[in-house]
1. Along the Cα→Cβ direction, 7 angstrom out, place labels at GLU96 and GLN56. What is the inter-label distance in nm?
2. Pull up all non-local amide H partners of LEU73: gap of 5 or more, or a different chain, and H-to-H distance under 5 Å with H placed in the peptide plane.
3. Classify the range 130-181 from the C-alpha gyration tensor, please: rounded if a/c falls under 1.5, else prolate or oblate depending on whether a/b exceeds b/c.
4. State the Cα centre-to-centre distance between the range 77-113 and the range 136-181 in whole Å.
5. What spacing in nm lies between the two simple spin-label points modelled at VAL133 and LEU120, each 7 Å away from Cα in the Cβ direction?
6. Starting from the Cα gyration tensor of the range 43-131, take the square roots of the eigenvalues, sort them a ≥ b ≥ c, and report rounded, prolate or oblate (rounded when a/c is under 1.5, otherwise prolate if a/b is larger than b/c, else oblate).
7. Which log10 I(q)/I(0) values, to two decimals, does the range 55-95 give at q = 0.17, 0.32 Å⁻¹ under the Debye formula with one point per Cα?
Amino acid sequence: MSYLTQLQKTWKLRVAVAIVVVFGLTLFSWGRSSVNASWQLATNIIDRQFISAVIQENYQPGEGELALAENSLWVRVIPGRDRRHQLYIFDFRTDELCGEIGCLYAIYTPRQQRVFSGLLDTPLSEKSAFEGVRRYSREGFPCLRINQNKSEELQVSNLYCYQGTRLVRINRSFIARNPSE
């Protein structure tokens, strides 16, 4: 009888440990968002005051032109060490902010500080154009790899890290591509 009692206690202990492990893993994954999150409509995750400030700082409509609508702005959040050190990549998705060499993308901190603004090739692949890397600046902001296709055979990869008040390019590499990819 004592063997059966011991077996029941062992079984209960294993179930309890399994529940604790599953709960712990769930909390860990819930607290850490993906390094390479996908694009989302900015109005779904950012307050309208922030969105309005981003539009005003990056787009000045000409005479007779309409202002950009807040619901045309898309954002991708790259997590930092904590929520205060995320980076917000804004894609305006409008022809008014595109030219022959690309479209405007702007990157901001949660304090609404623009740390990068540049024309990047289009179309940008969701998976490869902006890669958050598991490396952080001293301030806690993530470093960011921006990949651009220069031709069918060549890709340029720039690594940017936050320094002071902006993202600074700290590395540039050229990658040969297989044209059939």
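1. Once both label points are built, they end up 1.6 nm from each other.
2. ALA42
3. It comes out prolate by the Cα gyration axes.
4. 15
5. Placing both labels 7 Å beyond Cα along the Cβ direction yields 1.5 nm.
6. Note, shape of the range 43-131 comes out oblate.
7. Ignoring solvent entirely, the Cα scatterers give -0.57, -1.12.
Throughout, read-outs are computed from the coordinates displayed, never taken from laboratory work. Since the model is a prediction, treat every value here as computed from it, not as a measurement. Methodologically, a virtual Cβ is constructed for each residue, glycine included, from the backbone with ideal geometry; neighbour enumeration extends over all protein chains shown.
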